[in-house]
């Protein structure tokens, strides 16, 4: 094999399974090919293994990103209901945005909390 091919192979050896999966997807998109049509290629095996090994995230953190001044009281009420904090603590939390409000929440619970904050006029995100 040429030196160029050997160099590429050495680079491929350093990829994580997720990176290898992303590489296969990018090659398929760029060149209009289907890696699964290849008979026994190692990249296909690495890509399918990566897809199986990537665990779906089950716990999320809720971040309060931004609170417009005119929506502060509404967002403060939502934060208090979500966290159970007292008025003073919740006010400090809202005023210090961006700030993490809750951690290790289930996906559906954190999405509902995010929706409540956004309905009140604030901006929230999941991490």
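In table form, for the structure just shown:
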item: Residue count, the stretch 104-127 (criterion: in contact (Cβ under 8 Å) with a residue 60 or more places away in the chain, in contact with a helix residue (DSSP H, G or I) (Cβ under 9 Å, 6 or more places away or on another chain) and farther than 17 Å from residue 68 by Cβ); result: 1
item: Residue within the stretch 69-80 that is surrounded by 13 or more Cβ atoms within 10 Å (Cβ to Cβ) and modelled with pLDDT under 85 present; result: no
item: Every residue from the stretch 29-55 that is surrounded by 15 or more Cβ atoms within 10 Å (Cβ to Cβ) and modelled with pLDDT of 65 or more; result: 35
item: Members of the stretch 89-100 found to be surrounded by 14 or more Cβ atoms within 10 Å (Cβ to Cβ) and in a helix (DSSP H, G or I), listed by number; result: 90, 91, 93, 94
item: Scope the stretch 101-115; condition part of a helix (DSSP H, G or I) and touching a strand residue (DSSP E or B) at 6+ places or on another chain (Cβ under 9 Å); matching residues; result: 107, 109, 110, 111, 113, 114, 115
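Quick grid of which residues meet (1) in a helix (DSSP H, G or I); (2) surrounded by 12 or more Cβ atoms within 10 Å (Cβ to Cβ); (3) at pLDDT 80 or above:
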| position | (1), (2), (3) |
| --- | --- |
| 4 | yes, no, yes |
| 57 | no, no, no |
| 63 | no, yes, yes |
| 85 | no, yes, yes |
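The values are calculated or read from the model by the stated rules, or taken from the named source; none is laboratory data. In this text the structure is predicted, and so the values were computed from the model without any measurement. Don't worry about glycine lacking a Cβ; one is built from the backbone with ideal geometry, like all the others, and counts go over all protein chains shown.
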